[in-house]
Amino acid sequence: LVRLRERLSRSQSSLGRGLLALLGRDRLDEDTWEEIEDTLLAADVGVAPTQELVERLRTRIKVEGVADPARAKAILREELVALVDPSYDRAVAATGVDGTPGVVLVVGVNGTGKTTTVGRLARVLVADGDTVLLGAADTFRAAAADQLQTWGERVGVPTVRGPEGGDPASVAFDAVKTGKEGGYDTVVVDTAGRLHTKAGLMDELGKVKRVIEKQAPVTEVLLVIDATTGQNGLTQARVFAEVVKVTGIVLTKLDGTAKGGIVIAVQRELGVPVKLVGLGEGADDLAPFEPEEFVDALLS
Ligand code: GDP
């Protein structure tokens, strides 16, 4: 977690520094508030959350004043943490019910970091002492199943895969069946993310989920979003949320953008918490998302 703060502050601190510099001005006139608003919007915080934050800051600063920069920073910190919403449960639901394995379905557009996330999540679960099985339900790209299997070998967990071009739902079914029969704690299923037709995606993901649930309840649906894609990422999030009930967000490539406000925007868009963040390409560059750590990274 120390690493989360360090790694994030390197990419994210310009937002916090910009806001602190503006709030530290002698006179907070209309132009300054507009600059504060622009700074938040430029960091992908989103229109509604930006307006809320600015309102809250204006009210508090009017009432409490900002006698010194430390106080301004404390107020900004409190309001940012509130905006990121610490009340969400951010644990990944990887434990099964009634003797079945936990089933984590990982969805998202190709290239966002789905397969990498499955591999790294498996690594975290194994480190926690869980037995894990991977399901390669992206049958459209042979390379995707290979890549997943490579992750599996690296982490020391088996991968269930099907023939190239085969039915993704049948691979997902086999994986969860094998997981159940083998007494595994968790099955993590990678899916295909072709967005070319929404109807096709809907049919496919819906079927994958339905078929899995003949074996065991899906305990978590993680939507992977690439933080560097901004508004595009939000549009994708909306499409997926219409297709499956997303229960958590994984925001990858936060190391590659200064626009960390996307955390706030995407949570607000889906009403679902960011549970994990990707901070690099390495095997251990997946971290649990902690609102306070995140805000401290912004303000460091
Ligand atoms: P998929 O097509 O959605 O399964 O995406 P992949 O898992 O193959 O990832 C696509 C690329 O993004 C790969 O080069 C990954 O190494 C890279 N990637 C994934 N997560 C992160 C991250 O958190 N940070 C960075 N910098 N790169 C990432």
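The accessible area of Glu79, taken with all protein chains in place and a 1.4 Å probe, comes to roughly 10 Å².
Mean projection of the alpha-carbon convex hull of the chain over all orientations, in nm²? Don't skip to the answer; put the middle values down first.
Values: hull surface 61.5 nm².
Reported value for the Cα convex hull: 15.4 nm².
Report the FRET efficiency, 1/(1 + (r/R0)^6), for Ser170 and Thr95, where r is their Cβ-Cβ distance and R0 is 30 Å, rounded to 0.05. Efficiency at R0 = 30 Å is approximately 0.75. On segment 1-102, 50 percent of the accessible area sits on carbon and sulfur atoms, based on a 1.4 Å probe. Of the residues Lys209, Lys214, the one with the largest accessible area comes first in the ranking Lys214, Lys209, computed with a 1.4 Å probe on protein heavy atoms. In the complete set of protein chains, residue-level accessible area for Val239 is approximately 30 Å², probe 1.4 angstrom. Normalised by the number of residues in segment 219-300, the mean separation of alpha-carbon contacts (under 8 Å, six or more apart) gives a relative contact order of 27 percent.
Backbone geometry of segment 270-281 corresponds, through the Karplus equation with coefficients 6.51, -1.76 and 1.60 at θ = phi - 60°, to 3J(HN,Hα) couplings of 9, x, 10, x, 6, 9, 9, 10, x, 10, x, 8 Hz, x marking Gly and Pro. In this structure, the residue pairs whose Cα-Cα separation is over 27 Å, taken from Lys114/Lys177; Lys245/Lys275; Lys62/Lys275; Lys177/Lys207, are Lys62/Lys275. Per-residue 3J(HN,Hα) values for segment 19-29, derived from phi via the Karplus relation 6.51 cos²θ - 1.76 cosθ + 1.60 with θ = phi - 60°, read 5, 5, 5, 5, 5, x, 5, 4, 10, 8, 8 Hz in sequence order (x marks Gly and Pro). Calculation over all alpha carbon pairs of segment 1-136 in 10 angstrom steps from 0 returns a P(r) of 9, 30, 25, 18, 14, 4, 0 percent.
Using alpha carbon centroids, what distance separates segment 114-184 and segment 234-287, in Å? Segment 114-184 and segment 234-287 have Cα centres spaced 21 Å from each other. The residues of the chain expose on average 43 square angstrom of accessible surface per residue, using a 1.4 Å probe on protein heavy atoms. If only the Cβ of Lys and Arg carry +1 and only the Cβ of Asp and Glu carry -1, the dipole of the chain around its Cα centre is close to 340 debye.
Positive-end ranking of Ala43, Ala91, Gly24 along the dipole of segment 1-104, with charges on Cβ about the Cα centre, is headed by Ala91.
Averaging sequence separations of C-alpha pairs under 8 Å and six or more residues apart, then dividing by the length of the chain, give the relative contact order as a whole percent. It comes to 28 percent, rounded to a whole number.
The values are calculated or read from the model by the stated rules, or taken from the named source; none is laboratory data. All of these numbers come straight from a predicted model, not from anything done at the bench. Quick reminder, even Gly has a Cβ in these numbers, built from the backbone with ideal geometry, and neighbours come from all protein chains shown. When the accessible area is computed, the model is the full protein with side chains, heavy atoms only, and any ligands, DNA or RNA have been set aside. Shrake-Rupley method; radii C 1.70, N 1.55, O 1.52, S 1.80 Å.
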